[in-house]
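Just so it is clear, none of the values below were taken in a lab; they were calculated from the coordinates. Remember, predicted model here, so these are calculated numbers, not experimental data. Methodologically, a virtual Cβ is constructed for each residue, glycine included, from the backbone with ideal geometry; neighbour enumeration extends over all protein chains shown.
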Amino acid sequence: AAAHSPDRVTFLFVDYKGGSAFADCVELPHTVGLVTDLSPHLVRRALTSLRAELHHREHLFNRKKAKDLLELEKRRDPDTPPALVLVIDEFAALAGEVPEFVDGVVDIAQRGRSLGIHLIMA
């Protein structure tokens, strides 16, 4: 966040132990959301949104005939989305309570890199 603007990188934080781990990050202009165990329905909504973002980026890249986010950045295409970093703390607890989130994370891990969506899990 210190090196890039929100036009280049954004963060979605998932903290399945109350949300305090990322409390300081929520105020960053780069932060697009914080999902906690205090709102399990938001976890499901976040998963739906992430899947929609994957599909949106796939269609965008196909339309632009770009193989990945870096190619769009090099072209300085105005439609280039920012990289999205999904940071998940307490993944084991999340997987236990919302097992369908695991499938979503696997999908992101398989397709996300070229689309500019990256995972950090603890």
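Taking H as built 1.01 Å from N, whose amide H comes closer than 5 Å to the amide H of His118, not counting residues under 5 places away? It is Leu84, Val85, Leu86, by chain and number. Taken about its Cα centre, the chain carries a charge dipole of roughly 680 debye when the Cβ of each Lys and Arg holds +1 and the Cβ of each Asp and Glu holds -1. Each Cα pair under 8 Å and six or more residues apart adds its separation to the average, and for the stretch 9-121 the resulting relative contact order is 33 percent.
Quick one: divide the alpha-carbon radius of gyration of the chain by 2.2 N^0.38 Å and tell me what you get.
So the chain has a normalised radius of gyration of 1.07.
Computed from backbone phi, the HN-Hα couplings of the stretch 54-67 come to 4, 5, 4, 5, 4, 5, 4, 5, 5, 4, 8, 6, 10, 7 Hz, rounded to whole numbers (Karplus: 6.51 cos²θ - 1.76 cosθ + 1.60, θ = phi - 60°; Gly and Pro given as x).
Phi-derived couplings, Karplus 6.51 cos²θ - 1.76 cosθ + 1.60 at θ = phi - 60°, listed residue by residue for the stretch 102-116: 4, 4, x, 5, 4, 4, 5, 4, 6, 10, x, 4, 5, 8, x Hz, with x used for Gly and Pro.
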